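A short reminder: the numbers here are calculations on the coordinates, not readings from a lab. Model, not experiment: these values are computed from the prediction. Ideal geometry is used to build each Cβ from the backbone, glycine not excepted, and the neighbour counts take in all protein chains shown.
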Amino acid sequence: MELANAKLRIEQLTNTLKDHNYRYYVLAEPIISDFEFDQIIKELEHLELQFPQFADPNSPTKKVGGSVSEGFITVKHQRPMLSLANSYNEEELREFDDRICKATGLSAIEYVCELKIDGLAISVFYENGKLVQAITRGDGIQGDDVTENVKTIRSLTHTLSGNYPEKFEMRGEIFMHRKGFDRLNEQRKAAGEAEYANPRNVASGSLKTKDTAEVAKRPLDIYLYYLLEDEGRFQNHAESLDAAKSWGLKIAETSKVCNGIDQVLAFLHEWDEKRHDLSFDTDGVVIKVNNKNLQEELGFTAKTPRWAIAYKFQTETATTKLLGITYQVGRTGAITPVAELQPVALLGTTVKRASLHNANEMQRLDVRIGDMVFVEKGGEIIPKIVGIDFSQRALDLQPETYITHCPECQTELVRAEGEAQHYCPNDQLCPPQVVGKIEHFVGRKAMDIQSIGSEMAETLYRNNLVKTAADLYDLTFEQLIQLDRMGEKSANNIIDGIQASKQQPFERVLFAMGIRYIGETVAKKLVAAFLTIEALMAASVEDMLAVDEIGDRIAQTLFQTLQNPRIVQEIERFKSAGLRFETQKIEKASEKLAGKIFVISGIFENYSRDELKDLVENNGGKMASGITSKTNFLIAGNGVGPSKLEKAQQLGVTFLSEDALINMIQE
Ligand code: IVH
């Protein structure tokens, strides 16, 4: 890296980290994960090592984050309150163990493993058995005196019992159980106040509240995990925790003495599973050398003890090399940049590709081909890249420039103001968009032509047989049978499926047309309001806006689409093929179901449960919630509960599909 670039990047990272520290410690509103924070720290550390001349003397790499808040008395810590080095995988833990073995000349170390509670660090002082002071971590050197607030925590004893030292300090973590957190948020929601993001933030915010009575209402809890006393009473850490427990202090029961690193790893595996059953959040495990003499021998770096390390549970992250970036064109024309990765194992599958979402995200990550990247499986099925291992970046990697033209049809891409995604505007001719439209048209929730799947849609398109959905209805058996690997049976199935689709109701046809923003629900609402395609095509934007759930964006888009000559022609072709473009309004307000009792269960294809209930009631029927001997009909959708099914069968209740119900009313 050039000097000027290095200087700039160091400044950038330093400022970013200071900002994140401020958000985390002062505002208690972090906007990035610990993992992401650590990645930035690592990059900065790496650069500072290469270019020490540019390092900020107050660099976040040299300090424990945090600062003191206004409004509390600031107190200097008797002993600095340090942070812990983080590790994210077994390899890093084994390195930690190797370092310690080497430094101490021992072949196996005794460790204590403790859950790392996700709360905020506190230092409490006891004198002659009385709680006298509580101080937050602050910047590690000095913190806020929050004694009065901490005294409201019920699980923290004010008076010790047993054989306690005359004077001692103990460190621990204040946190909130998830139940208490949920309850608090419910109250806030009911009062119209903003909800808190997570239990950690509330715990931290609570302690910084000036109103002690208010703090007392918060269900805070505490675990103590580190005793500091001058008498030298204890040979090891585990012993000191047991003693503190006997004096009445709250110590986590989950801690365990482990002999050697393999037992430590077993503890991690055990808790990576079991942590989900805990009533509070834990984000990892803290591993501490048990023996106090060894602790002393190992000592501290500027920021952290050398005898302890935190292991962070992973949201399943893997590291791998970025081999290239490709661009995918979706059915709607949206462009998605995709990372092509060196295959890597992640949660039992092999990952070769990950989404980079859009140009902004690529810029934010500053991702370059050749980088080692961190891949994570979040809620989505497609993994995503969450960070770059800058410490491994080769000096000659080039920043990625986003494409300007569609990789499929070479049309210039557009990006609407305020939108993150680039689009290919060539929706009528761009191949993936056209194939996508056909796939959507035959889809299960649209025309439901099951004999045509994604591959067949692609084949029909590539062989020039189907360029638009309306072409499907001109397909012949002779055309199909000429295709590679096409048998008579399959060809017939396709023709039959296409024929049968002509019976699909108007709302499905409208949805199948794949007009932007016209989803299933919107299509139903439109059909219910306009009844025929002619009425819909004659409708003004205002007419459309009058329909429930139709907003400006939908109305404008739909109106314009229905004016498009290509679409008008397509509709004409559909009509001559015999597709349904009108619906009969379901007869409401009859007495056809009078005296009958209905129960509804399951999920339905065409109507919501509420719509079906309304239908029953508008036609004189009665809805009941449970099946009894009085029940006449069970309106059964997909996934009716087994106990309901059995009971209905026992009592001889008649089963009705949604279509059967509608027939009953329309008869
Ligand atoms: S020991 C010198 N033990 O994690 C020893 N810390 O990332 C320092 N934490 O500042 C801390 N559970 O706020 C320790 N069982 C545990 C912990 C724990 C949570 C927090 C603590 C610390 C931070 C370091």
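Tabulated data
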read-out	value
Net length gained if the chain between I141 and N5 were fully extended (0.36 nm per residue, minus Cα distance)	45.6 nm
The stretch 139-179 and the stretch 421-452: distance between their alpha carbon centers, rounded to Å	62 Å
Size of electric dipole in the stretch 84-242: Cβ of Lys, Arg +1 and of Asp, Glu -1, about Cα centre, debye, nearest 20	720 debye
Cross-link partners of K250 among aspartates and glutamates (Cα-Cα below 18 Å; sequence separation of 8 or more within a chain)	E114, D118, E127, E169, E173, D221, E229, E239, D242, D281
Farthest positive-ward along the chain dipole, Cα basis, beta-carbon charges - from A500, N163, S206	N163
Using θ = phi - 60° and Karplus 6.51 cos²θ - 1.76 cosθ + 1.60, couplings along the stretch 209-222 (whole Hz; Gly, Pro as x)	7, 7, 8, 4, 4, 5, 4, 4, 6, 7, x, 8, 9, 9
Efficiency of FRET from Cβ geometry, T532 and E214, R₀ 51 Å, rounded to 0.05	0.25
The chain - Cys residues lacking any other Cys C-beta under 4.7 Å	C101, C113, C258
Computed Kirkwood radius, in angstrom, where 1/r is averaged over Cα pairs of the chain	30.9 Å
Amide H contacts of F168 (H built 1.01 Å from N, under 5 Å, at least 5 apart or other chain)	Y126
Pairwise FRET efficiency - K384 versus E617, Cβ, R0 = 35 Å, nearest 0.05	0.15
q = 0.09, 0.14, 0.20 Å⁻¹: log10 I(q)/I(0) that the Debye formula gives for the stretch 179-299, counting C-alpha atoms only	-0.39, -0.82, -1.19
Cα-based Lys proximity count in the stretch 556-667, under 27 Å, for pairs eight or more positions apart or on separate chains	27
Size of electric dipole in the chain: Cβ of Lys, Arg +1 and of Asp, Glu -1, about Cα centre, debye, nearest 20	1040 debye
Separation in nanometres of the label points that stand 7 Å from Cα toward Cβ, at E231 and K352	6.6 nm
Sequence-distant residues sharing a close amide H with G138 (under 5 Å, placed H)	D144
Per-residue [θ]222 nm for the chain (sum of -39500 (n - 2.57) over DSSP H runs n ≥ 4, rounded to 500)	-10500 deg cm²/dmol
Linear extension gain, R154 paired with A500, 0.36 nm per residue minus alpha-carbon span	117.6 nm
Sites S454 and R566 - FRET efficiency at Förster radius 25 Å, r taken between beta-carbons, to 0.05	0.55
Hz values of 3J(HN,Hα) by residue in the stretch 132-148 - Karplus curve (6.51, -1.76, 1.60), Gly and Pro given as x	10, 7, 9, 10, 6, 5, x, 8, x, 9, 9, x, 8, 7, 10, 3, 5
For D448, distant residues with modelled amide H under 5 Å away	G443
Inter-probe distance in nm under a simple model that places probes 7 Å from Cα toward Cβ, at T521 and N58	5.1 nm
Among C424, C406, S451 - extreme Cα towards positive end, dipole of the stretch 397-454, charges at beta-carbon	S451
Folded to 0 to 90 degrees: helix 261-274 orientation relative to the chain principal axis, Cα	40 degrees
Principal-axis tilt of helix 609-618 within the chain, Cα atoms, nearest 10 degrees	50 degrees
Gain in span if fully extended, A624 to K303, counting 0.36 nm per residue against the direct Cα distance	109.0 nm
Spatially proximal lysines relative to K208 (Cα-Cα < 18 Å; intrachain offsets below 8 disregarded)	K76, K151, K217
In nm, spacing of pseudo-spin labels at T476 and F655 (7 Å Cα→C-beta vector)	4.3 nm
Computed magnitude of the charge dipole of the stretch 496-605 (debye, nearest 20; Cβ of K, R +1, Cβ of D, E -1)	240 debye
Relative contact order for the chain, counting Cα pairs under 8 Å that sit 6 or more residues apart, in percent	9 percent
Which of Q482, N128, L536, positive extreme of dipole for the chain (C-beta unit charges)	N128
